[in-house]
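Working notes, structure below.
The values are calculated or read from the model by the stated rules, or taken from the named source; none is laboratory data. Predicted model, so just to flag it, every value in this text is computed and none were measured. So basically every Cβ, Gly included, is an ideal-geometry build from the backbone, and we count neighbours across all protein chains shown.
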Amino acid sequence: MRSFFMRVFFVVVVCGLACLAGTKDETKTKAEAQSYYKITLADLENKVRGGWAGQMIGVTYGAPTEFRFLQQINDQPRDWKPEELAGALDQDDLYVEMTFSDVMDRKGVDATSDDFGEAFKDSKYQLWHANLAARRALQRGIHGSMSGDPKYNLHANDIDFQIESDFIGLMTPGMPRAAQRYASRVGRVMNYGDGLYGGMFISAMYSAAYFEDDPRKVVEAGVAAIPEGSRYAKVIRDVLRWSEENPGDWKKTWHLLEEKWDGQDICPDGALMPFNIDASLNGAYVAMGLLYGHKDFEKTIDIAMRGGQDSDCNPSSAGGIVGTMIGYKAIPAKWTDPLPAIADKKFSFTNYSFNTSVEKTIERANKVVQIEGGKVEADALVIPTEKPETVKLEQFDPGKPVERISFKDARWSFHGNWHVEGESNRSNEPGAEATAKFKGTGVIVYGELIPEGGVLQIFLDGQLAGTFDAFNDDGERTEGFWGDFDLAPGEHTVKVVVGGKAYPGSKGAWVPVSELIVFQK
């Protein structure tokens, strides 16, 4: 360990005072005790290239398996072909995060959540889950600092920010506190609580990967950046413990993880379903790849992929982190040989290529280092060491999902003109009603968003809960229209009333109702 640190960086003590790395002299002032990392610009570029290349390789390695293996290990052999790497240019794992990095490049690294929200609101690519809910909220007037909040986003714990936070860790080498700060600004656009912590976890691991040679230390640095009491931190600490207890058997750890933590997804699409897009569970698969991969690039992305669920995003994150640790030059040539041919081609919906992403990341890193009190030398960065801040605990915990009540269930009653289409009952008749009774402390009204979606009102126990719409401008999606998770125990009634008018931009006034998702605390 010590030889690696001496090779990659050295500790400098200001004011001309010499001390051993890692020692502490209580007689020194805070300024005199400050230590620094130093990394050459050549090493910095090699690691940044490794991080971006690792993401691209990882996402294409896992792409054919995405959500094909639900609550099961993927034991199918994977024969990755070099020509597959070009597919990374069309992956939302990469081009969405470039929306946010572009905001920093245009407005500065201190851009606000509202700045990121404005850019996201105007994006033209297809989105899903927390990202889709956030963009819809932004387009309906919610600020970027709140569009990930559960009040407006029922996917607050989903994986979205986790897969878009890599660029933050890459621009904050050795600076986890800075990574936390930027992650909070970006992540609140689409997530909250564990969904936000997923991005902090990933970005802090990237930050540590610049100067840490041990994957376990990298994972520990990641979990140190999020609240100890969060569900996310508990999941990762379990993986750390189980990997020590079962050092040669990642599948044993996977089964322990499945038994304790799966089946609790509160995403409207995943509740009581095998599908799980929860940030913490998928983040655990990233951690497993790093812990059991032992810095072997292929082994790391393979384990992260074989855990299943969001199995292109997970090896992308794991590949980016291990790629940062070992650097681009140490990634086996079979993975990087096809990259030069596409290195100047732009990612979809962006003005960024692989090469410009590397260049801009280094420019941002230079700025952040100076903001944090370091300096840029002719051939190196001098980076002040820092510990992560204590982050305030916030959790979106609506309780345990206990039932999905289909519109076909007798507890639903429909008045007016409704017809069944696909997995929903639809109406565009003004005043048509769909009413359901349930017992629980929380509920989501679940339906479909469509280009022909109209306005609707939802009533809870006879009181207006709000006015909503079923319109989506980039295709059909299943979605929760509204939820409430602070109900008194006992029986409740939900009523959906069709407005009979189109939402602005919609091609119709249809309201598709599918289910109630019931929660119990």
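Quick one: in the stretch 146-183, of everything that is of a type in the set (Val, Ile, Thr) and assigned to a helix (DSSP H, G or I), which residue is surrounded by the fewest Cβ atoms within 10 Å (Cβ to Cβ)? It comes out as ILE163.
Annotation note: of PRO64, PRO82, the sole residue that is farther than 22 Å from VAL286 by Cβ and modelled with pLDDT of 95 or more is PRO82. For the condition within 14 Å of the chain's Cα centre (by Cα) and not hydrophobic (A, V, I, L, M, F, W, C), ARG136 does not qualify. All of (1) within 22 Å of ALA488 (Cα to Cα); (2) among the acidic types (Asp, Glu); (3) touching a strand residue (DSSP E or B) at 6+ places or on another chain (Cβ under 8 Å) hold for ASP397 with one exception: (3). GLU228 meets each of the listed conditions (1) under 20 Å from GLU394 (Cβ atoms); (2) in a helix (DSSP H, G or I); (3) of a type in the set (Asp, Glu) apart from (2).
Does the stretch 128-145 contain at least one residue that is aromatic (Phe, Trp, Tyr) and surrounded by fewer than 21 Cβ atoms within 10 Å (Cβ to Cβ)? So far as the stretch 128-145 goes, yes, one or more of its residues are aromatic (Phe, Trp, Tyr) and surrounded by fewer than 21 Cβ atoms within 10 Å (Cβ to Cβ). Among the residues of the stretch 69-79, is any more than 16 Å from the chain's Cα centre (by Cα) and surrounded by 21 or more Cβ atoms within 10 Å (Cβ to Cβ)? No - not one qualifying residue is present in the stretch 69-79.
Table: residues versus (1) among the β-branched types (Val, Ile, Thr); (2) not in a loop (DSSP other than H, G, I, E, B).
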{"site": "LYS367", "(1), (2)": "no, yes"}
{"site": "GLY373", "(1), (2)": "no, no"}
{"site": "PHE396", "(1), (2)": "no, no"}
{"site": "GLU403", "(1), (2)": "no, yes"}
{"site": "PHE438", "(1), (2)": "no, yes"}
{"site": "GLY447", "(1), (2)": "no, yes"}
{"site": "VAL455", "(1), (2)": "yes, yes"}
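Do we have any residue at all in the stretch 452-471 that's in contact with a helix residue (DSSP H, G or I) (Cβ under 9 Å, 6 or more places away or on another chain), at pLDDT 95 or above and surrounded by 23 or more Cβ atoms within 10 Å (Cβ to Cβ)? Looking for residues that are in contact with a helix residue (DSSP H, G or I) (Cβ under 9 Å, 6 or more places away or on another chain), at pLDDT 95 or above and surrounded by 23 or more Cβ atoms within 10 Å (Cβ to Cβ), one finds at least one in the stretch 452-471, hence yes. Within the stretch 377-429, the residues that satisfy the criterion of being among the β-branched types (Val, Ile, Thr), more than 30 Å from ALA279 (Cα to Cα) and under 31 Å from the mean Cα position of the chain (by Cα) are VAL382, ILE383. Of all residues in the stretch 437-451, exactly one satisfies the criterion of being over 23 Å from ALA410 (Cβ atoms) and either out of contact with any strand residue (DSSP E or B) (no Cβ under 9 Å at 6 or more places or on another chain) or surrounded by fewer than 19 Cβ atoms within 10 Å (Cβ to Cβ) (or both), namely PRO451.
Considering (1) among the aromatic types (Phe, Trp, Tyr); (2) assigned to a helix (DSSP H, G or I); (3) within 20 Å of VAL59 (Cα to Cα), the lone condition that TRP80 does not fulfil carries the number (2). Taken over the stretch 244-299, the residue count meeting the criterion of being among the polar types (S, T, N, Q), surrounded by 24 or more Cβ atoms within 10 Å (Cβ to Cβ) and either at pLDDT below 95 or out of contact with any Asp or Glu (no Cβ under 7 Å at 6 or more places or on another chain) (or both) is 1.
When we screen PHE347, PHE354, PHE407 for residues that are outside the structural domain of PHE120 (by TED's automatic domain parsing), over 21 Å from SER184 (Cα atoms), buried (at least 19 other Cβ atoms within 10 Å of the Cβ) and touching a residue at least 12 places away in the same chain (Cβ under 8 Å), the only hit is PHE407.
The C-beta contact set for the stretch 465-491 (first residue assigned by TED's automatic domain parsing to the domain that holds ALA130, second residue polar (S, T, N, Q) and not in a loop (DSSP other than H, G, I, E, B), distance under 6 angstrom, 6+ apart or interchain) is empty.
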